[in-house]
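First comes the structure, then the notes that go with it.
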4 protein chains.
Amino acid sequence: MDVTLMSAPPESTPLHTVSILGATGYTGREVLRLLIDHPHLEVIHVTSRRQAGTPVADVHPELFGRTDLVLSAKEPEAAAEADLLVSCLPHGVSGAAVASALAASPELRAVDLSGDFRIPPNEYEQAYGRAHPAPDVASEAIYGLPELFRERIAGARLVANPGCYPTAALLALAPLAKSRLLTGATVDAKSGLSGAGANPGPATHFANANENVTAYAPFAHRHAPEMQTHLAAAGADVPVLFVPHLVPMDRGILASAYAELAATTDADALQKIYRDAYAHEPFLRLVGPDRLPATKAVTGTNFADLAVVPAPGGARALVLCAIDNLVKGAAGQAVQNLNLLAGRPETEGLVHRRVAVEVSP
Amino acid sequence: MDVTLMSAPPESTPLHTVSILGATGYTGREVLRLLIDHPHLEVIHVTSRRQAGTPVADVHPELFGRTDLVLSAKEPEAAAEADLLVSCLPHGVSGAAVASALAASPELRAVDLSGDFRIPPNEYEQAYGRAHPAPDVASEAIYGLPELFRERIAGARLVANPGCYPTAALLALAPLAKSRLLTGATVDAKSGLSGAGANPGPATHFANANENVTAYAPFAHRHAPEMQTHLAAAGADVPVLFVPHLVPMDRGILASAYAELAATTDADALQKIYRDAYAHEPFLRLVGPDRLPATKAVTGTNFADLAVVPAPGGARALVLCAIDNLVKGAAGQAVQNLNLLAGRPETEGLVHRRVAVEVSP
Amino acid sequence: MDVTLMSAPPESTPLHTVSILGATGYTGREVLRLLIDHPHLEVIHVTSRRQAGTPVADVHPELFGRTDLVLSAKEPEAAAEADLLVSCLPHGVSGAAVASALAASPELRAVDLSGDFRIPPNEYEQAYGRAHPAPDVASEAIYGLPELFRERIAGARLVANPGCYPTAALLALAPLAKSRLLTGATVDAKSGLSGAGANPGPATHFANANENVTAYAPFAHRHAPEMQTHLAAAGADVPVLFVPHLVPMDRGILASAYAELAATTDADALQKIYRDAYAHEPFLRLVGPDRLPATKAVTGTNFADLAVVPAPGGARALVLCAIDNLVKGAAGQAVQNLNLLAGRPETEGLVHRRVAVEVSP
Amino acid sequence: MDVTLMSAPPESTPLHTVSILGATGYTGREVLRLLIDHPHLEVIHVTSRRQAGTPVADVHPELFGRTDLVLSAKEPEAAAEADLLVSCLPHGVSGAAVASALAASPELRAVDLSGDFRIPPNEYEQAYGRAHPAPDVASEAIYGLPELFRERIAGARLVANPGCYPTAALLALAPLAKSRLLTGATVDAKSGLSGAGANPGPATHFANANENVTAYAPFAHRHAPEMQTHLAAAGADVPVLFVPHLVPMDRGILASAYAELAATTDADALQKIYRDAYAHEPFLRLVGPDRLPATKAVTGTNFADLAVVPAPGGARALVLCAIDNLVKGAAGQAVQNLNLLAGRPETEGLVHRRVAVEVSP
């Protein structure tokens, strides 16, 4: 096996500058953590409406001594002075801020981690129960799942970074959609508590969440229409039933996607579909059939681990997909998108060395 | 609300004596813990093949000072001297020991917590990959899920205590089966690590299991035929797909049962089916529609918490069932069965007071 | 070993009625949970200033179907109509409410779980940074650690239920204090997150607390003067250094008390001191020298497990004490105190059967 | 603040090759994980006596697709072909293997992660209860704590990588030792379960370890003489009492070191001692006085976070030190030592960018 150093040596290429709006939450922290190590993207501003004036490392003690950026409330200046904008603001707020920044700076390109630009405004209004904050720019947004929409992302001005659950579900189901095999799916997802965001509440109190598993928003989560919309774009306009669950861990999502198929398909044929779809993807690891995905194997990384298992007795299959919800499900994918926007290698700052995954024939 | 003391005062009724075979594992510990507090069942022997001579409280420090029983290797004597036998031995071993004890003592009645008598010997041989240890007595065994088979249990000589996953899945699906609505089901279950048993291995090492979620034995777990067999007995001879997952907690199972229905059924109709089926069950709590079951709410108890939610767009529903895998999924249910065998109130030793569950009409 | 049924049969004794002020937090929930099973104490009112009108089981899903009490805001009525009052209100608020209730109802007797009556008002004002809410009645309060002050509690009108950390530290150190051996102590305590109370905040967010250990308020916690005051009452007016730590679990405190001794004392002599002090205590288990206390062995129980280990090279020893912070460290101890006030067996409602702890000579 | 890229660009320097003996445990995995990303150290062999022939990524699924090294049993060849040897073998075994490798290859330089070379053979025999495996080469070994012994490590042929607990305790106490202030210490340490090694046993079973805190080997752990020996080398030949505890997390150690001082020393003076000692250390972060170390802030990193707090009423202080036991407490420190042996920047492969820690005057 040849070992290729994917993390190319710093050359004379000028750095791209990045501003992060809303840097006090978990996704903001992770974007910053990843970009501190990135050889070509340089964070120049981090903003917060509530904690302006505070060094960002006081909010995120992991970053103590690694950055001396101070939180500012000046979102327009932060956007205007950067080549690239990352918004980790809450939905509703984020869409308005990003739209305004793009309007002010024609050269700016943005990655929005909120839900505001992931689905069409009419679906958004139903799913989020509010008017869309920026319907005019919404049509410009490209859905930032590089494994499905890489080329369109590279040319975009506005990238809608996917939700954590849709990332796992779409990576699990897209190969079946592309193969015209998928006729329906039930996605049962298990998420760690960081997925609930950094704002504390009863459900995330350790003494309530530990030693507890529960479903929430069954068939009614905002990520369901996001899955359905982009699965249709991938080739299967089929119903998706989605039930998220909280499990007592910090990070990680395991999506167990129960796929209904147009025809009985055996293990080898299923394996081939996934191998063909993902063999060249740097962040997707087809770990089965001998092993099953485990969230712990992807913690802190941008990998998505996958396996597909046919169901006995007919045209169904289970596809398992494990990701770190804060990395491949949010900040890592945002860096992947920033790399595409900046014309950098897609894996830059995300893995330092990477070797080819051995795929048995 | 009237408060009824279900735990009747100790009267002159003679105690029933109980021996526990295989008391060093988690289920043995839990049976013993529950029976120490039971007013009418008295444990007289606890056995272990490997740790004979050791006080049982040295193996289970929770019980220090609460029992001075010493582990013995004398299984035949333990069985012969008791009115009731509980076996927590491993499958294969347990069936042989229980069959031999029943043959030796015609008055003895037994609850077997292993998988040996839960399904017919021919299915057993396929699922467990071994010859059945006692095919002759297998036909006598009654499946010990009191909510479905209460009357037959009371008259049995041998009760096969259900597996933890089947307990949750069957309680979730039986009302739909009885209503002739169920046409198929996919059960996605999430279990704590005590379900893997007390023998340590890599999968249960804290540093591997914590911050980790993974599926195992998808569509291939021994509990799947157990679910299918007894769901058929409940009225629905339909395919059941079963995928268990390990989540980082000690105790608890949440079964998310995706039911396929013969006809679209709305929330009220579903709610009525469950209310009618379970309104008088002392250990089943229909917590929905406003709340969803959570494993933490049943920890350490014999309750099963349930909710049913119709899926949008057609003839499907999600039924959630949360139990403590070591109590309602094992030892508590065994005590429930022992109570039935001994002619005691079914809740004795399991709840001390209980009030009627308010069911809104 | 003789098995004695400590949980005597319900006789014709009239029930004592209890009201719980502030029943929506963790200690309120635990008091209610324990009293639901208590054969002679009957909860008649539960109060909440913010959630009046809500069934208490909606706040605490563990209790669904076990009580139909509804939260009320009428604290004076709740106090006036009960024989016994338990206050789980926050400090400051609790002292005022309890004092007012006692003034209104001369027959009423109260257990206060807040910090308001545990130390003299002058120390209180320094430790809590506020004026004492009821200095007049403070002198009446008896410190509710039954193992040290049983007789005085039985005759009290007002019992100050000890803090969770002082319970563990005082049980660990009192025998050395009584023996006039203790000259100083450093208490390093490790607590689960329920000790921080049910109000959510960043420190208790699962994604911050899990996989994390940290000290807080080193040498500056309010429980330090409480330890010092009552250790002096037990015989050792010596300095106590106290450093609490949060560890990622729900429940439990392990206090590691590093004792400085007046003279080198060997293992046997230390063991004898603890055996003599605690041999007849129903809730104290001297588990060493062969085993060490573990919080898990006491979870959900009112036990305190203890071991004493001499340090090499001189006049020091480690005393370990494990309790469930919500039971022996709060609600269970409150029930112990209620039993003493009501003239009931001290263990009633806390253990159902208990056997003598074998103490090797 | 100037941002300096510490991770210098790959130049024409030839890579140093590294072999890892015993790569199937947690420390072996972490060394490999770190070196995969290291720009100048290249792992060429990984060995295992039991799993030879297995791809190392099958044992450590985190590394799937990142290395195609296969475990080999050929320890002598692995050592002979490398510039640098890292041994993660168990104590006893490791010392013999390293001594033999050094004898066979005069140019080889080694870092041993076992306990075999950390203390003199006579102390070793007492602490480990066995004959020293290689007393002749023991005198050559340099204790690999770079913050104390950097210069000697750079010139060593054999580096004894410190134990996890001694790393935290020595970093906590060395500044006081150097200042001639330390007269004695009690170290109360809290460790995650990965510290117990990858071999499963009852103590590391999730269902036993979760929701549990316990002390072990009080005053009798092998790391105590290691602390005492090297604290003496740092300037304070004083008694150290050590009590380790297991807390329910994967990774991390918090050492709470209770220091006894020659004279009362106030907060400012203590702060100055630590600032002076560690201001230029790339991996030590003095986070106090406003914040306290938290294990979560160092997870996955080679940082040690420190704070010092004077005790009230006299000549004592608490020093807190948080590390990731598998990184700064094992594999990261090994990489730090490998860098020193190879003449590379000490932080190479451990942080990618690092900025100066702001120290308030």
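The values are calculated or read from the model by the stated rules, or taken from the named source; none is laboratory data. These figures come from a predicted structure and were not determined experimentally. No Cβ is skipped: glycine too gets one built from the backbone with ideal geometry, and neighbour counts run over all protein chains shown. Ligands, DNA and RNA are stripped out before the accessible areas are found, and what is left, the full protein with its side chains, is counted by its heavy atoms. Shrake-Rupley method; radii C 1.70, N 1.55, O 1.52, S 1.80 Å.
The table for this structure:
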| read-out | value |
| --- | --- |
| Heavy-atom accessible area ranking, 1.4 Å probe, most first, across C:CYS164, A:CYS321 | C:CYS164, A:CYS321 |
| Computed [θ] at 222 nm, helices only, for the protein assembly as shown once each DSSP H run of length n ≥ 4 contributes -39500 (n - 2.57) | -8500 deg cm²/dmol |
| Label distances, nm, C:ALA73 versus same residue in remaining copies, Cβ-directed 7 Å point | 3.4, 7.0, 7.8 |
| Beta bridges by DSSP in chain D, antiparallel share as percent, to the nearest 5 | 50 percent |
| B:TYR216 paired with D:ASP58, simple spin-label distance in nm, labels 7 Å along Cα-to-beta-carbon | 2.0 nm |
| Bins of 20 Å from zero: percent of alpha-carbon pairs in the protein assembly as shown | 10, 36, 39, 15, 0 |
| D:GLU81 - accessible surface, heavy atoms, 1.4 Å probe, Å² rounded to 10 | 110 Å² |
| Positive minus negative residues near C:GLY22 (Lys, Arg vs Asp, Glu; Cβ under 12 Å) | +1 |
| Spatially proximal lysines relative to A:LYS178 (Cα-Cα < 16 Å; intrachain offsets below 8 disregarded) | A:LYS272 |
| Top positive-direction residue, dipole computed over region C:209-361 with Cβ charges, set C:MET227, C:ALA269, C:LEU350 | C:LEU350 |
| Values of log10 I(q)/I(0), in the order q = 0.09, 0.19 Å⁻¹, for region D:190-307 under a Debye, Cα-only, solvent-free model | -0.32, -1.26 |
| Inter-centroid distance (Cα atoms) of region C:168-229 relative to region B:30-75, Å | 34 Å |
| Eligible aspartates and glutamates near B:LYS328 by straight Cα distance, threshold 16 Å, same-chain separation 8 or greater | B:GLU30, B:ASP112, B:GLU147, B:ASP250, B:GLU281, B:ASP305, B:GLU346, B:GLU348, C:GLU62 |
| Label-point separation, D:ALA315 to B:ALA104 (7 Å along Cα→Cβ), nm | 7.1 nm |
| Across the identical copies, how the B:GLU140 labels are spaced - nm, sorted shortest first, 7 Å along Cα→Cβ | 6.7, 7.3, 8.0 |
| For region B:172-309, share of DSSP beta bridges that run antiparallel, in % to the nearest 5 | 50 percent |
| Cβ-based net charge around B:THR186, under 9 Å, with every Lys or Arg adding one and every Asp or Glu removing one | -2 |
| Net charge over other residues, Cβ less than 15 angstrom from the Cβ of C:GLU226 (K, R count +1; D, E count -1) | -3 |
| Fraction of antiparallel bridges per DSSP, the protein assembly as shown only, in percent to nearest 5 | 50 percent |
| Across the identical copies, how the A:GLY300 labels are spaced - nm, sorted shortest first, 7 Å along Cα→Cβ | 0.5, 3.5, 3.5 |
| Cubic angstrom per residue, convex hull over Cα atoms of chain B | 139 Å³ |
